[in-house]
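First up is the structure itself, then whatever we jot down about it.
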Amino acid sequence: MRYSHKIHQANQQKSPSIQRRQRLTSFLLIGGVIIFLFIFAETKTVDWWEFYRFFVSSLISVVVAYIIAAVLALILALGATKSKWLENIMLPILDVAQSFPTFALIPVLLVVFGTSRWVVVFFLVVTIIWPIVFTLITALKGEREDLGQAATIYHAHGIKRLWYFRLPSVFPAFISGSIIGWGEAWEALIGAEIIAKVLGIGSYLGKLGETGSVWQLVLGIAMYLFLIFILNQIIWIPLLNLSSRYQNES
């Protein structure tokens with residue numbers, strides 16, 4: 001099982017100064033590589049306006065796929081932990097489903113949607129959903145009984161219990177699973193767009209590999225990784241720090 005193992009959280013959080021120093025080091029390292037590649041690559045054959053336009057198009061696909069996957073993952077995780085009977089039925093099904101080769105879905109999606117961006121979106125949904133589902137299930141099954149009893153004492157039932165107790169308790173696991181799924185989505189995006197022949201950053205890099213030099217392709221990949229790094233710093237690092245507030249000791 002790829003994602004059904006427990007993700008252990010670090011007992012100690014790194015200090016903000018260490019985190020800032022590490023981010024700055026990563027930024028300078030990637031930036032230095034890109035500058036080096038700019039010097040040695042013939043960038044006139046790289047249409048940067050087209051590159052960034054396709055990146056934004058692919059980013060929209062990833063965001064839409066993530067939202068769909070996150071909602072479905074939450075529903076599946078809550079359903080699988082609702083009762084022991086449902087858990088015994090759903091967990092084997094989910095375990096088999098996560099092992100299915102994702103790229104094998106592309107021919108089916110092409111038949112259903114044609115060569116449209118929805119092929120990539122639904123392919124990414126299947127890619128993103130599993131790490132979120134299994135980290136959520138692990139967190140839900142490991143909820144602290146004393147906190148659950150406290151919620152019952154304060155009459156937290158139904159939606160109120162879900163909002164004030166269950167969702168905050170699984171928020172760190174949700175963010176951990178989301179980071180894994182988000183990273184795998186960007187990794188799978190390239191192949192999906194090339195195979196499905198959908199315009200995006202993946203198909204652009206594929207075209208660059210066919211028509212450009214090796215240096216230009218490496219430059220495009222480096223810029224691609226740099227943009228993903230920036231997104232991670234803007235979105236996921238703050239959310240990861242925020243999730244530490246909801247981390248409970250066992």
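Remarks
- Ser250 vs. criteria touching a helix residue (DSSP H, G or I) at 6+ places or on another chain (Cβ under 8 Å), more than 19 Å from Val46 (Cα to Cα) and at pLDDT below 85: no
- Looking across segment 210-248, the residues that are open to solvent by less than 40 Å² (accessible area, probe 1.4 Å) and among the small types (Gly, Ala, Ser) come down to Gly212, Gly220, Ala222, Ser243.
- Leading residue by the ranking (farthest from Phe55 (Cα to Cα)) among those in segment 191-208 that are assigned to a helix (DSSP H, G or I) and open to solvent by 40 Å² or more (accessible area, probe 1.4 Å): Ile195
- Residues of segment 27-70 satisfying the condition of being modelled with pLDDT of 70 or more, hydroxyl-bearing (Ser, Thr, Tyr) and open to solvent by 30 Å² or more (accessible area, probe 1.4 Å): Tyr52, Ser57, Tyr66
- Some residue of segment 155-177 being at pLDDT below 90 and touching a Lys or Arg at 6+ places or on another chain (Cβ under 6 Å): no
- The set of residues in segment 99-126 being modelled with pLDDT under 85 and within 20 Å of Gly177 (Cβ to Cβ) consists of Ser99, Phe100, Thr102.
The values are calculated or read from the model by the stated rules, or taken from the named source; none is laboratory data. Since we're looking at a predicted model, the values are computed, not measured. As a convention, Cβ positions derive from the backbone with ideal geometry for all residues, glycine included, and neighbour counts pool all protein chains shown. Note: accessible area is taken over every heavy atom of the protein model, side chains too, but ligands, DNA and RNA are not part of it. Shrake-Rupley method; radii C 1.70, N 1.55, O 1.52, S 1.80 Å.
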